[in-house]
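**Q** Please find one structure pasted underneath; my questions will follow.
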Amino acid sequence: MWGAGGHGKVIVDALLARECWEVVAILDDDIHRAGRNVLGFTVRYAAGGLSELMNQLDFEGVAVAIGDNYVRHRKFEEVRARGLAPVGVVHPSAHVSRHVELGEGVVILAGATVTPGAVLEDNVCVNTAASVDHDNHLGKSCHIFPKATLTGTVRVGDFAYVGSGAIVTPNRVIHKYSYVGAGAVVVKDVAEGVVVAGVPAEEIGRQPNRPE
Ligand SMILES: CC(C)(COP(=O)(O)OP(=O)(O)OC[C@H]1O[C@@H](n2cnc3c(N)ncnc32)[C@H](O)[C@@H]1OP(=O)(O)O)[C@@H](O)C(=O)NCCC(=O)NCCS
């Protein structure tokens with residue numbers, strides 16, 4: 001697993017609950033986290049990153065456990081470039097319909113719901129108790145934060161965030177790189193790269209970051 005912050009703790013918990021992977025190491029790029037204990041695993045730091053770890057240990061895949069969409073995306077691409085599998089995990093308490101499409105490295109955490117017809121592209125994270133309803137389309141590396149509710153036929157663009165407890169009404173489009181604030185109620189489409197908040201949600205700023 002790559003990433004030993006708070007999100008990492010939640011992901012390793014989900015991996016252990018699923019019992020289909022054996023975790024051999026937790027890697028972090030921050031030397032100050034080296035030696036810390038995360039749910040029984042000692043965090044490793046490798047100056048040479050993933051390639052150094054590959055020389056030391058035998059493993060098949062990497063779960064990228066980083067909440068920031070852009071950083072998670074870069075790590076996801078690096079895992080793939082090195083011929084490793086980006087590991088996805090669905091917590092056993094999540095309800096995920098059989099009639100959904102899940103890309104590589106998708107994470108769906110405890111108590112989340114994903115209903116029929118939903119498409120989740122690579123590296124999407126559906127966080128704790130979030131609800132993704134029928135026929136949603138979640139673009140690559142977006143993040144749906146805890147208890148957010150996406151009603152029917154919502155589209156979320158690549159790298160967008162939907163904040164904790166936000167509600168998105170049916171058929172809305174959250175364009176790429178945008179950020180919906182915690183508790184917002186989205187009643188109209190959200191333009192590319194903007195931050196919206198409030199009830200009803202209105203633009204409060206712009207997202208400066210771009211993965212490119
Ligand atoms: C919307 C958000 C991204 C804005 O962050 P920011 O750009 O740092 O904005 P600031 O904190 O500087 O706030 C700017 C203004 O917007 C208001 N604001 C911020 N977030 C708001 C929200 N969710 N709802 C309503 N108003 C909000 C602030 O009160 C402030 O108002 P003011 O200018 O009148 O004082 C952030 O507040 C947010 O809601 N993030 C979601 C986090 C989350 O769900 N995390 C889950 C992790 S698991």
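The values are calculated or read from the model by the stated rules, or taken from the named source; none is laboratory data. The model shown is predicted, which means the values in this text are computed figures rather than measured ones. Glycine also receives a Cβ, built like all others from the backbone with ideal geometry; neighbour counts cover every protein chain displayed. In case anyone asks, the SASA skips ligands and DNA or RNA and just uses the protein heavy atoms, side chains included. Shrake-Rupley method; radii C 1.70, N 1.55, O 1.52, S 1.80 Å.
**Q** Two decimals, Cα atoms only, Kirkwood Rh: what is Rg/Rh over the range 6-86?
**A** Taking Rh as the inverse mean 1/r over Cα pairs, Rg/Rh reads 0.92.
**Q** Give the accessible surface of the chain per residue, rounded to a whole number of Å², with probe radius 1.4 Å and ligands, DNA and RNA excluded.
**A** Result: 45 Å² per residue.
**Q** Moving on to the next point. About its Cα centre, how strong a charge dipole does the chain have in debye, to the nearest 20, once Lys and Arg get +1 and Asp and Glu get -1 at the Cβ?
**A** Here the size comes out at about 320 debye.
**Q** May I ask for the net charge around G105, where only other residues with Cβ less than 11 Å from the Cβ of G105 are counted and Lys, Arg are +1 while Asp, Glu are -1?
**A** Residues near G105 contribute 0 overall.
**Q** Which aspartates and glutamates have a Cα lying under 19 Å from the Cα of K188, excluding residues fewer than 8 positions away in the same chain?
**A** D133, D135, D158, E202, E203
**Q** So what's the net charge close to V64: Lys and Arg +1, Asp and Glu -1, counting the other residues with Cβ under 12 Å from its Cβ?
**A** Summing Lys/Arg as +1 and Asp/Glu as -1 gives -3.
**Q** Only bridges whose two residues both fall in the chain count here: according to DSSP, what percent of them are antiparallel, nearest 5?
**A** Here the antiparallel bridges make up roughly 15 percent for the chain.
**Q** Rounded to the nearest percent, how much of the accessible area of the chain (1.4 Å probe, protein heavy atoms only) is carbon and sulfur?
**A** The computed percentage sits at 49.
**Q** For the range 5-110, what proportion of DSSP beta bridges, expressed in % and rounded to the nearest 5, is antiparallel?
**A** 25
**Q** Nearest 500 deg cm²/dmol is fine: what mean residue ellipticity at 222 nm does the chain get from its DSSP H runs of n ≥ 4 alone, each adding -39,500 (n - 2.57), divided by its residue count?
**A** -5000 deg cm²/dmol
**Q** When DSSP beta bridges are limited to those with both residues in the range 89-206, what percentage is antiparallel, rounded to the nearest 5?
**A** So the antiparallel bridges in the range 89-206 amount to around 10 percent.
**Q** Can you run phi through the Karplus equation (6.51, -1.76, 1.60; θ = phi - 60°) for the range 130-140 and list ³J(HN,Hα) in whole Hz, with x for Gly and Pro?
**A** Residue by residue, the range 130-140 yields 6, 10, 10, 8, 4, 6, 5, 10, 9, x, 4 Hz.
**Q** Moving to a separate point now. Work from the charge dipole of the range 6-86 (Cβ charges, +1 for Lys and Arg, -1 for Asp and Glu, about the Cα centre) and give the residue of G48, A17, H73 farthest towards its positive end.
**A** H73
**Q** If every alpha-carbon in the chain counts as one equal scatterer, what log10 I(q)/I(0) does Debye give at q = 0.12, 0.17 1/Å?
**A** -0.60, -1.11
**Q** Accessible area, 1.4 Å probe, largest first: how do Y45, Y70, Y179 sort?
**A** From most accessible down to least: Y45, Y179, Y70.
**Q** Compute the signed sum of charges (Lys and Arg +1, Asp and Glu -1) over the other residues within less than 15 Å, Cβ to Cβ, of L16.
**A** Residues near L16 contribute -1 overall.
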